[in-house]
Amino acid sequence: MYRETGIRDLIPSIFLSLPIQSLIRFKCLNKESNHIISNPCFAAHHAARNSSKIHGLFCFSYSNPGNVVYIPIYSQQKPNYFTAFPSIQASCNGLFLHVPSEKPDFFTVFNPTTKNFQLIPTPKVYYPLFDNKQNLGLAYDPILFSWHGYKVVHIFVYGLGLMLGNQVYGFQIFSSSLNSWKMSTSRLRCVIGETYKAEALYLDGSLHWIRECGDIVAFNLKTEDAWIITMPHKLRLKMIEYQDRKPWFGLTNGLISVVYLSRSEFVVWLLLDYENFKWGCVRIHIASLSSRNDLYVIFFDGELVVFRGKERGSVIYMYNVKSNESKKINIRQQKQTCYDDDKKNEDVYIPFIPTIVDMNSTSSTADQSIISVQVEVATSPNSRREETKRRKIIQDHKA
């Protein structure tokens, strides 16, 4: 009895060292394994112990969101193709937010790794944006959030300010733990501007929307405070000048960054001091870019920069700034619906980190397609051998 109890105490520790794709399989082993892995506290501990490095990019087109490509960026796997997948309005730490239409009755938050999802009602006041601009944000943090859930924030123009050229933002918040929306009392007065066509960025408990006028709207999910993060004058001008070059807004080495290509180099602006809005700039020269003026950045994490051409081509370019190595990934062409409006023909690239978080699955015939995606997380041969050993130890003790 003592030996059996001691071995059972070791099982959670063993599970913590396994890759996510192995945990998904172990959930089907028995009820006890499923109970351990489905515990939100386990998901938090697993996220804290394992790397949060991006595994790959999901790519879809607004003109044909049913055709999706998953592009692994740190493995030798080939791209995976899916034919049943919705468009994504927001993502955060492995969860995706889907808005099915311009006037939806519900949103869908789903996990492509575990293939479960949850339908949530739309807020009472919902103003959809057009031209691919973003006014929704998804926040999920298995380590920071004590309630082990997620939140969705809708930012909207509450009204015009008393001063000419000003506007006031309002915020609505959905909490998965309460399963309801609430209107925040927070209001943010700022100069008139539209959000840029980049998804909201989550960092340290706050969501961030970058605007075309060259600043960032920030909203803290705990205190519900909202503020404007100013950007350097040079960067504001570049945001306007390089609209056609599609500046990338994301996280680089854990810092908010704006990245764009300029001739034979790509320029990285980093928010080095968050509290005082102090930015720094790094320019990285890439000789192979000297003859290309049609590329734009779709991802940069401080080590690997990924870019592609503005034309609807079938090649993704990658360059490692540390090893000075580059490679190309050929993407199979998908059938596209032709639009006169170029904005509807844009491709969208969503960085992806797998997570094992569970949520309340809601059955819906119309939305069964969104759980048909399965992402194979790449593992090295050594990790696969270690996984086999651990699986044998567990099965032997269970027997």
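The values are calculated or read from the model by the stated rules, or taken from the named source; none is laboratory data. If you're wondering where the values come from, they're calculated on a predicted model, not measured in any experiment. Using ideal geometry, Cβ is built from the backbone for each residue, glycine included, and neighbour counts are taken over all protein chains shown. Surface accessibility is based on the protein's heavy atoms, side chains included, excluding ligands, DNA and RNA. Shrake-Rupley method; radii C 1.70, N 1.55, O 1.52, S 1.80 Å.
Contact list please: Cβ distance under 7 Å, first residue in region 162-189 and within 16 Å of LYS222 (Cα to Cα), second residue open to solvent by 30 Å² or more (accessible area, probe 1.4 Å) and among the aliphatic types (A, V, I, L, M), pairs at least six apart or on different chains. Note: pairs meeting the criteria are GLN172/VAL125; GLN172/MET183. Highlighted here are the strands (runs of 3 or more DSSP E) found entirely within region 186-294 that include at least 1 residues which are β-branched (Val, Ile, Thr) and either in contact with a strand residue (DSSP E or B) (Cβ under 7 Å, 6 or more places away or on another chain) or at pLDDT below 85 (or both): 188-191, 206-210, 215-220, 226-230, 248-252, 255-262, 265-273, 278-285. Could you check region 176-185 and list, in sequence order, the residues that are aliphatic (A, V, I, L, M) and not in a strand (DSSP E or B)? Of everything in region 176-185, just one residue is aliphatic (A, V, I, L, M) and not in a strand (DSSP E or B), namely LEU178. Note on region 263-280: residues that are without any contact (Cβ under 8 Å) to a residue 40 or more places away in the chain and either among the aliphatic types (A, V, I, L, M) or exposed (fewer than 14 other Cβ atoms within 10 Å of the Cβ) (or both) amount to 10. Against the definition (open to solvent by less than 20 Å² (accessible area, probe 1.4 Å), of a type outside the set (S, T, N, Q) and free of Cβ contacts under 8 Å to residues at least 60 places away in the same chain), how does ILE216 come out, yes or no? Taking the combined requirement at face value, the residue satisfies it.
If the condition is being touching a strand residue (DSSP E or B) at 6+ places or on another chain (Cβ under 6 Å) and of a type in the set (S, T, N, Q), then region 167-184 contributes GLN167, GLN172, SER175, SER176, SER184. Residues in region 20-69 that are in a loop (DSSP other than H, G, I, E, B) and either open to solvent by less than 40 Å² (accessible area, probe 1.4 Å) or at pLDDT below 75 (or both): 7 in all.
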